[in-house]
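The values are calculated or read from the model by the stated rules, or taken from the named source; none is laboratory data. As the structure is a computational prediction, the values presented were derived from the model and not from experiment. We place every Cβ from the backbone using ideal geometry, glycine too, and count neighbours over all the protein chains shown.
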Amino acid sequence: MRYLFLLMFITLQQVTTAAGIEFFQGTWEQALEKASKEEKLIFVDAYAEWCGPCKRMAANVFTQPEVGDFYNVNFINLKIDMEKSENETFRKQYPVAAFPTLYYIDFTGEVVQKIKGAQTVDGFIQIGKTALNKNNRLDYFTKLYEEEGKRDAATVLQYIKALNRADKSSIKVANEYLKNQTDLNTPENLSIILEATTVVDSRIFDLLIKHRADIEAVTSKAVVEERIQKAAHATLDRAIAFESEDLLKEAQAKMKTHAPKLAEAFLWESEMTYAKLLEDSNRYLKAWSNYVKKIAGNEPKEWTTLATTLASAFPSDAKALEEAHKLAKKAVSSSKDYETRLGYALVLKIQDKKAEAQKVAEEALKIATQQGNEEAVRKISYFLQQL
């Protein structure tokens, strides 16, 4: 459940809150050029107008906020009608035998991953993550760096990026390179410092702060702040892994000093995450209450997420369940959507109030059915089967 809440927190902090996938409106050639500049994969929905599964995926999967949040950040997204004459060149190079076919292609035109058939929301996000992992090009840059001994700035930067994409530490490589540099303020070296800043408990982070103004000049303040936030979350992960209160406090302190606008939200979120590790319901509830009052605002869906996270974290704690129940019920009274009702039903289920949970879940099912949201109908129907 720690990662469920962490995902929720990161999503709330995104600068752009997407309502679904934003599809690129240019040509295939322009998409390749854009992917090269932004160093992203291209996701292609290869579809046909008559295809029923294609239509359902377009209506029920591509439109979901969590899908938009993930795909808009990580991919150049493109829809290609495979039966239109203007797409003949693409069709010949990337043939399909079933609709939809989901392509993940790098900027060189190489297919990283190809999936046939419609997907659920969770499945679609997962195959996107798999494509990203396949595209880290780590073997290639490891060979350049380790076997061929290339140490130029461009190779080092790409190697660091490949290590980061593969979720491997790049700090050693960055330190080896930077210690031999006489001028850290070159655009190339500033880029290396930025990319290598993966945790706040490191010398690289100190270099980022020291050269922050110069790095912001070649990128932006938003980019640097986002990197600080991401690094703080990574140090929080380390605090969890090593059960280190010191790392937790360091992450909180660095956020307060260097990203003050985001620091309070991070403080309460990190306290909840660490309290969950310690199974300390009092510490968790204190942080949770502060987050609800000071950060969550008047968003029923956020209340629902907070309520279900609390109830799931401490299903045997009467006080925690009482607070979760109150907030989930408040969310339902303030909104007419199926999500808040399904969340309230989950809290009721955890409280072993199955009859009430069923009634509320049936209300959620009715709303989702009226909206024609097949993905939601499946989720709610499955929930009802588990009662």
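A compact table of results
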read-out: Yes/no for residue 215 being of a type outside the set (S, T, N, Q), in a helix (DSSP H, G or I) and in contact with a His (Cβ under 7 Å, 6 or more places away or on another chain); value: no
read-out: Every residue from the range 338-381 that is modelled with pLDDT under 95 and not in a helix (DSSP H, G or I); value: 372, 373
read-out: Filter result (out of contact with any Phe, Trp or Tyr (no Cβ under 8 Å at 6 or more places or on another chain), more than 22 Å from residue 269 (Cα to Cα) and either of a type in the set (A, V, I, L, M, F, W, C) or not in a loop (DSSP other than H, G, I, E, B) (or both)) within the range 306-337; value: 333
read-out: From 62, 99, residue being under 18 Å from residue 31 (Cβ atoms) and touching a residue at least 40 places away in the same chain (Cβ under 8 Å); value: 62
read-out: Meets criteria (among the polar types (S, T, N, Q), crowded, with 21+ Cβ neighbours inside 10 Å and out of contact with any Phe, Trp or Tyr (no Cβ under 7 Å at 6 or more places or on another chain)) for residue 273; value: no
read-out: Helices (runs of 4 or more DSSP H) enclosed by the range 108-195 - at least 3 residues per element that are more than 21 Å from residue 227 (Cβ to Cβ), touching a Phe, Trp or Tyr at 6+ places or on another chain (Cβ under 7 Å) and touching a residue at least 12 places away in the same chain (Cβ under 8 Å); value: 121-134
read-out: Options 377, 332; residue that is over 27 Å from residue 119 (Cβ atoms) and β-branched (Val, Ile, Thr); value: 332
read-out: Meets criteria (over 28 Å from residue 241 (Cα atoms), surrounded by fewer than 17 Cβ atoms within 10 Å (Cβ to Cβ) and either at pLDDT 95 or above or of a type in the set (Ser, Thr, Tyr) (or both)) for residue 333; value: yes
read-out: Scope the range 203-214; condition surrounded by 14 or more Cβ atoms within 10 Å (Cβ to Cβ) and either of a type in the set (Gly, Ala, Ser) or within 15 Å of residue 229 (Cβ to Cβ) (or both); matching residues; value: 205, 208, 209, 212
read-out: Any hit, the range 247-259, residues being closer than 29 Å to residue 341 by Cβ, within 23 Å of the chain's Cα centre (by Cα) and in a helix (DSSP H, G or I); value: no
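To keep it simple, each residue is scored yes or no on (1) in contact (Cβ under 8 Å) with a residue 24 or more places away in the chain; (2) over 30 Å from residue 208 (Cβ atoms); (3) not hydrophobic (A, V, I, L, M, F, W, C).
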| position | (1), (2), (3) |
| --- | --- |
| 249 | no, no, yes |
| 255 | yes, no, no |
| 262 | yes, no, no |
| 265 | yes, no, no |
| 284 | yes, yes, yes |
| 304 | yes, yes, yes |
| 330 | yes, yes, yes |
| 334 | yes, yes, yes |
| 342 | yes, yes, no |
